[in-house]
Amino acid sequence: MRSIVVTGDRALSGEVRVGGAKNSALKLMAAALLAPGVSVLRNVPDISDVTVMTEVLEHLGATVVRTDHALSIDATTLTGHEAPYELVARMRASTCVLGSLVGRLGRAHVAMPGGCNIGSRKVDIHIAGLMQLGVEITTEHGFIDATGRARGAHVMLEFPSVGATENLLMAASLGSGTTVIDNAAREPEIADLAALLSAMGARIDGAGTPTITIEGVDALHPADHVVIGDRIEAGTFLVAGALCEGPVTVRGFDPSHLEIVLTKLRESGASLDVGADFVTVRRTGPVRPVDVATLPFPGFPTDMQAQFMTLMAIADGDCVITENVFENRFMFADEIARMGADVRIEAHHALIRGVDALSGAPVRASDLRAGAALVLAGLVADGETVVTDVHHIERGYEDFVGKLCSLGADVRTV
Ligand code: EPZ
């Protein structure tokens, strides 16, 4: 098992470029299944989740060729309609082939995702939505079995689930009639998926707003699409810059995708220069305590919760971080407490009392964002921090160690 070793108390400065958004690229890969022919995705991050998704597509009969950061996906002939448990168990996001298989084949057999370290990861909203679109669904022996194509309907999501919105978007694009998805997720990755689908010939209005309207079409054609920059990877490096005083410039993403995070960083005492595709962060004074509550977009992203907790751990006062999206996403708090952070969990609130300094310690990554946040904590801790289970980090961060070293950090993988 590889570990990341961090020696703290180093100033960071310089510039990093983030890769394409993991939480868009995986769904764009699934969307390529909707059209016979070769679709090309560019700015695809070189991360292990993309590798697993490639295996899923190949299992279904597509061929995938990577050249640098571009993927050519040939979905001319699909030979199957099953996403097997061993692949879904490795990556829950594989369930996003459900919508594209329903659209393309009118048939899907997708393993139910297991739970994970941040929550139960249910798919009941996906299933309810597809059933409202007239797709026949049974769930037996740990699988979702779907038959039939979407027939236009008005679907109200009980929660603006990102995955459910994406599956319904893909199923309805190759369906009949008019579908309206109400209370849809508004994450930038949804708009990125809609942009690819529209380039493939889908007729979609309102992506990025709570109400998305789709006119089903009979067929889609391949397209060539550049993945949006990864706002969460960007936010992770901005927190690193705020922790270590910077100046650090993070390039390659749309700052409007991180509005609330930038506001909270400013409130915490960081100063930011915001450009069209970059943000420069620096901090000269103390870290000030700032309360945060995670919410669906445009609220504060749950995927930035652990990273922000690291910053608040050394604030000069008390604050509360509330996790409203996942039911069990505070495992990170137990690990950073081992580095001297003063964090108390009360239900879905983390009560944080800032301390003067963290101390380096052996810690374990429980999920990819918590793992990244522990490395950030090591950057400002006294002494050495060893983060184990770093395969979690490699799922969603391309060359995380290399990028931190380019900013002057003393970090290495062993
Ligand atoms: C996506 O997960 C992201 N993953 C997550 O990022 C992100 O945290 C999440 O959206 C919220 O922004 C990918 O895009 C691959 P949801 P997803 O459906 O689609 C509950 C990361 O670190 N729910 O919006 O699974 C669910 O249990 C990962 O990159 C149901 O109850 O998120 C959760 O509590 C972590 N029933 C909440 O909704 C359902 O049918 C949000 O889930 C679906 C979801």
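The values are calculated or read from the model by the stated rules, or taken from the named source; none is laboratory data. These numbers come from a predicted model, not from an experiment. Please note: Cβ atoms are built from the backbone with ideal geometry, for glycine as well, and neighbour counts cover all protein chains shown.
From the residues in the range 94-124 that are of a type in the set (V, I, T) and in contact with a Gly (Cβ under 8 Å, 6 or more places away or on another chain), which one is farthest from the ligand (Cβ to nearest atom)? The selected residue is V102. Based on what the data block shows, is T263 more than 20 Å from the chain's Cα centre (by Cα) and within 19 Å of T310 (Cα to Cα)? Yes; evaluated as a whole, the condition is true for this residue. Filter the range 334-366 down to the residues that are under 23 Å from L404 (Cβ atoms) and touching a Cys at 6+ places or on another chain (Cβ under 7 Å) and list them by number. None; the set is empty. Scanning the range 255-282 for residues that are outside any helix (DSSP H, G or I) and β-branched (V, I, T) yields V274, V279, T280, V281. Looking at the range 331-414, the helices (runs of 4 or more DSSP H) lying wholly inside it that each contain 2 or more residues that are of a type in the set (A, V, I, L, M) sit at 331-337, 368-380, 400-406.
Taken over the range 283-313, the residue count meeting the criterion of being in a loop (DSSP other than H, G, I, E, B), buried (at least 20 other Cβ atoms within 10 Å of the Cβ) and away from the ligand (no atom under 16 Å from the Cβ) is 2. Suppose the filter is away from the ligand (no atom under 16 Å from the Cβ) and at pLDDT 95 or above; does V44 pass it? The answer is no for V44.
So how many residues does the range 125-135 have that are of a type in the set (G, A, S), more than 8 Å from the ligand (Cβ to nearest atom) and assigned to a helix (DSSP H, G or I)? Number satisfying all stated conditions: 1. Of all the numbered requirements in (1) buried (at least 23 other Cβ atoms within 10 Å of the Cβ); (2) under 19 Å from the mean Cα position of the chain (by Cα); (3) farther than 20 Å from A11 by Cα, H391 misses one, and that requirement is (1).
Considering only residues in the range 61-79 that are surrounded by fewer than 21 Cβ atoms within 10 Å (Cβ to Cβ) and among the aliphatic types (A, V, I, L, M), the one that is farthest from the chain's Cα centre (by Cα) turns out to be L78. When you check T139 against the structure, is it within 16 Å of the ligand (Cβ to nearest atom), more than 30 Å from E398 (Cβ to Cβ) and more than 18 Å from the chain's Cα centre (by Cα), yes or no? In short, yes. For the residues V56, V64, the requirement of being part of a helix (DSSP H, G or I), without any contact (Cβ under 8 Å) to a residue 60 or more places away in the chain, of a type in the set (V, I, T) and in contact with a helix residue (DSSP H, G or I) (Cβ under 8 Å, 6 or more places away or on another chain) singles out V56.
Within the range 18-42, the set of residues being crowded, with 24+ Cβ neighbours inside 10 Å, over 15 Å from the mean Cα position of the chain (by Cα) and part of a loop (DSSP other than H, G, I, E, B) comprises A35 only. Selection of first residues in the range 119-136 that are within 16 Å of D182 (Cβ to Cβ) and of a type in the set (V, I, T) and of second residues that are in a loop (DSSP other than H, G, I, E, B) and more than 6 Å from the ligand (Cβ to nearest atom), restricted to Cβ pairs under 9 Å at least 6 apart or on distinct chains, gives the following pairs, ordered by first then second residue: I125/L157; I125/E158.
Would you call F400 within 16 Å of the ligand (Cβ to nearest atom) and either crowded, with 20+ Cβ neighbours inside 10 Å or not aromatic (F, W, Y) (or both)? It is true that F400 is within 16 Å of the ligand (Cβ to nearest atom) and either crowded, with 20+ Cβ neighbours inside 10 Å or not aromatic (F, W, Y) (or both).
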